[in-house]
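Here is the structure we will look at.
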Amino acid sequence: MSTDTTCLIVGGGPAGMIAGLLLARAGVEVTVLEKHADFLRDFRGDTVHPSTLRLLDELGLGARFDALPQSRLERVAFPVGEHSVTIADFRRLRTSRGYIAMVPQWDLLDLLSDSAHEEPTFTLRMNTRVTDLLWEDGRVVGVCHEGPDGPGETRARLTLACDGRGSLLRDLSGLQRREFPAEIDAWWFRLPGSAPQEFALAPRAGEGRFMVVFPREGYLQIAYIGRKGTDAQLRERGIAAFREDIAELAPEFAERAEALGSMDEVKHLDVRVDRLRRWHTDGLLCIGDAAHAMSPVGGVGINLAVQDAVGAATLLAGPLRKDGPTPAELARVRRRRLLPTVVVQTLQRLIHRNVVTPILAGRRAGPPKPVVGLLRRFPALTRVPAFLIGMGVRSEHAPVFAWRAPQAPRAPRSTSPGSSGSARS
Ligand SMILES: Cc1cc2nc3c(=O)[nH]c(=O)nc-3n(C[C@H](O)[C@H](O)[C@H](O)COP(=O)(O)OP(=O)(O)OC[C@H]3O[C@@H](n4cnc5c(N)ncnc54)[C@H](O)[C@@H]3O)c2cc1C
């Protein structure tokens, strides 16, 4: 089966769904291909930052987002001795939403999908895995895919690679990556119960490892950080030894750790920090994790992917409505989004070197003492980390064509496997 569209988006993660929604609101015919049958999959982070909250308000989706089950993080604090010190206070930001919302990523993606389906030019094909690029005269003209109806091709004027950190399209396109050393890996798991919200993101450190706890509605999402390359060793030691690690790092969780049945419940994240030297080739543009894999430090991957999508839709909606985009127009997206990416990755690498590595080496239990002292003395400075994490450099506003009046919450529409919405065949 062969299909034509104007903009083909590969990957229905945060970057792909935001780009799809915005371009559809611009009247561009857009098709999103997503390999999974639904958005319900492994935990992949669920932090929605103030700049994304502002964007949702501009898109008219603020009230619908507020109706999703969520917890809110207004500040990040570290326990220091008997007390705690606030590192980032989001209430100090000049925005109406001074907090990070913790929402399961699938709920956010469902909301974006529901909203995009209200546009007649939007198509989402779930259960459709892209397997190859289609080239003509050195130009990408679409993709090959496998779906519920068997193999097929979709041709498009622009293919937007939003297929994440392991991007197949990036690899097939031959675009070159620059990798930065990341000496840590992360393991994610859940424990039942609750914990004080303000200690979210505060590390519980021990020799060679530490844990960061994210309190959620009814459970704790926990990141266990250890040295890179130790996944096999951790699994070989088994679940009983892992439960002991948890109890050592956070004795108050010792009993709850019994809820972990096996190491299968502990998901390994191979931490990588990289970015493409060029984000496009003729007919193809990479954004989000496909263009730059981020460290989990600061939990900014979703936000940056969303901001890339807004930047791309803002610059490319016009050319897509005409005959474009040209390679020069695609290059403008990277120029717009490079500074925020470089700033975040540089900060993450600095934090790896000056905070994470010393904690793993058992030399320190939190941020450097002079930083803690400064933030204690001048609490207004907590606005700086809050800004860098919550808003970021060059945070994007919704383009005018995508603004809508506030919409009332409604029952979510489920995304069914196979194709949905409209498509030009
Ligand atoms: C365990 C874990 C925890 C994380 N925690 C956080 C956090 O707390 N906060 C945060 O901000 N970030 C977090 N991140 C990072 C965050 O998930 C990413 O930065 C963000 O999702 C990037 O968005 P994206 O749309 O670029 O890519 P992704 O979200 O990775 O989406 C890519 C999509 O493409 C689809 N896809 C891939 N290949 C194909 C193909 N061949 N054909 C069709 N579809 C395809 C995938 O199924 C997926 O839906 C975490 C990541 C992981 C793995």
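The values are calculated or read from the model by the stated rules, or taken from the named source; none is laboratory data. Just so it is clear, the structure is predicted and the values come from calculations on it, not from any experiment. Ideal geometry is used to build each Cβ from the backbone, glycine not excepted, and the neighbour counts take in all protein chains shown. Only protein heavy atoms, including side chains, enter the accessible area calculation; ligands, DNA and RNA are left aside. Shrake-Rupley method; radii C 1.70, N 1.55, O 1.52, S 1.80 Å.
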Within the stretch 393-425, considering residues that are out of contact with any Ser or Thr (no Cβ under 6 Å at 6 or more places or on another chain) and at positive phi, the one modelled with the highest pLDDT: 394
The stretch 123-136 residues that are under 21 Å from residue 40 (Cβ atoms), paired with ones that are within 11 Å of the ligand (Cβ to nearest atom) and hydrophobic (A, V, I, L, M, F, W, C) (beta carbon under 6 Å, 6 or more apart): 124/32; 125/33; 126/37; 127/37; 128/33; 130/10; 130/33; 130/143
Hits in the stretch 258-297 (condition: without any contact (Cβ under 8 Å) to a residue 60 or more places away in the chain and within 30 Å of residue 238 (Cβ to Cβ)): 258, 261, 262, 263, 264, 297
Looking across the stretch 1-50 at residues that are near the ligand (Cβ under 6 Å from one of its atoms) and small (Gly, Ala, Ser), the single one that is farthest from residue 120 (Cα to Cα) is 45
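Hey, among the residues in the stretch 248-286 that are of a type in the set (A, V, I, L, M, F, W, C) and within 14 Å of residue 189 (Cα to Cα), which one's nearest to the chain's Cα centre (by Cα)?
As a first pass, look at the stretch 248-286 and keep what is of a type in the set (A, V, I, L, M, F, W, C): 249-250, 253-254, 257, 259-260, 263, 266, 269, 271, 273, 276, 279, 284-286.
So of that shortlist, the ones also within 14 Å of residue 189 (Cα to Cα) come out as 253, 257, 259-260, 263, 266, 269.
Working: 253: 28, 257: 27, 259: 28, 260: 26, 263: 25, 266: 20, 269: 14 Å.
The residue in question is 269.
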Could you figure out which of (1) out of contact with any helix residue (DSSP H, G or I) (no Cβ under 8 Å at 6 or more places or on another chain); (2) not assigned by TED's automatic domain parsing to the domain that holds residue 45 isn't true of residue 254? (1)
What single numbered condition from (1) part of a helix (DSSP H, G or I); (2) under 30 Å from residue 121 (Cα atoms); (3) small (Gly, Ala, Ser) fails to hold for residue 395? (1)
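For the stretch 112-136: of the residues being away from the ligand (no atom under 15 Å from the Cβ) and open to solvent by 10 Å² or more (accessible area, probe 1.4 Å), which is nearest to the chain's Cα centre (by Cα)? First the steps, then the outcome.
At the first step, the residues of the stretch 112-136 found to be away from the ligand (no atom under 15 Å from the Cβ) are 114-115, 117-122, 135-136.
Next, from what is left, pick out any that are open to solvent by 10 Å² or more (accessible area, probe 1.4 Å): 114, 117-121, 135-136.
On the way: 114: 19, 117: 22, 118: 24, 119: 24, 120: 27, 121: 25, 135: 29, 136: 32 Å.
Within the stretch 112-136, the match that is nearest to the chain's Cα centre (by Cα) is 114.
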Please go through the stretch 99-141 and give me each residue that is part of a loop (DSSP other than H, G, I, E, B) and of a type in the set (Gly, Ala, Ser), ordered by number. 138
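Has the stretch 284-291 got any residue that is open to solvent by 20 Å² or more (accessible area, probe 1.4 Å) and either more than 16 Å from the ligand (Cβ to nearest atom) or touching a Phe, Trp or Tyr at 6+ places or on another chain (Cβ under 9 Å) (or both)?
To start, the set of residues in the stretch 284-291 that are open to solvent by 20 Å² or more (accessible area, probe 1.4 Å) comprises 289.
Among the residues that remain, those that are also either more than 16 Å from the ligand (Cβ to nearest atom) or touching a Phe, Trp or Tyr at 6+ places or on another chain (Cβ under 9 Å) (or both) are: none.
No: zero hits.
Which of the residues spanning the stretch 258-270 are in contact with an Asp or Glu (Cβ under 8 Å, 6 or more places away or on another chain) and either outside any loop (DSSP other than H, G, I, E, B) or surrounded by 19 or more Cβ atoms within 10 Å (Cβ to Cβ) (or both)? Show your work before the answer.
Residues of the stretch 258-270 in contact with an Asp or Glu (Cβ under 8 Å, 6 or more places away or on another chain): 267-270.
The answer is 267, 268, 269.
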For the stretch 236-255, does any single residue satisfy the condition of being on the phi < 0 side of the Ramachandran plot and within 11 Å of the ligand (Cβ to nearest atom)? no
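Looking only at the stretch 137-170, filter to residues that are among the acidic types (Asp, Glu) and touching a strand residue (DSSP E or B) at 6+ places or on another chain (Cβ under 9 Å); which one of those is least open to solvent (accessible area, probe 1.4 Å)? Don't jump to the end; show me each part of the working.
Residues of the stretch 137-170 that are among the acidic types (Asp, Glu), as a first pass: 137, 146, 149, 153, 163.
Next, only the ones that are touching a strand residue (DSSP E or B) at 6+ places or on another chain (Cβ under 9 Å) stay: 146, 149, 153, 163.
On the way: 146: 92, 149: 119, 153: 63, 163: 41 Å².
This residue is 163.
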In the stretch 71-85, how many residues are open to solvent by less than 30 Å² (accessible area, probe 1.4 Å) and either of a type in the set (Val, Ile, Thr) or within 15 Å of the ligand (Cβ to nearest atom) (or both)? 4
Find the residue count for the stretch 37-68, including only residues that are under 18 Å from residue 98 (Cα atoms), over 17 Å from the mean Cα position of the chain (by Cα) and open to solvent by 30 Å² or more (accessible area, probe 1.4 Å). 5
Filter the stretch 296-337 for residues that are more than 30 Å from residue 203 (Cβ to Cβ), among the hydrophobic types (A, V, I, L, M, F, W, C) and under 20 Å from the mean Cα position of the chain (by Cα); which is nearest to the ligand (Cβ to nearest atom)? 309
Report every pair of residues separated by at least 6 positions or lying on different chains whose Cβ atoms are under 7 Å apart, first residue within the stretch 169-182 and over 22 Å from residue 129 (Cβ atoms) and in contact (Cβ under 8 Å) with a residue 12 or more places away in the chain, second open to solvent by 80 Å² or more (accessible area, probe 1.4 Å) and not hydroxyl-bearing (Ser, Thr, Tyr). 176/277; 178/277
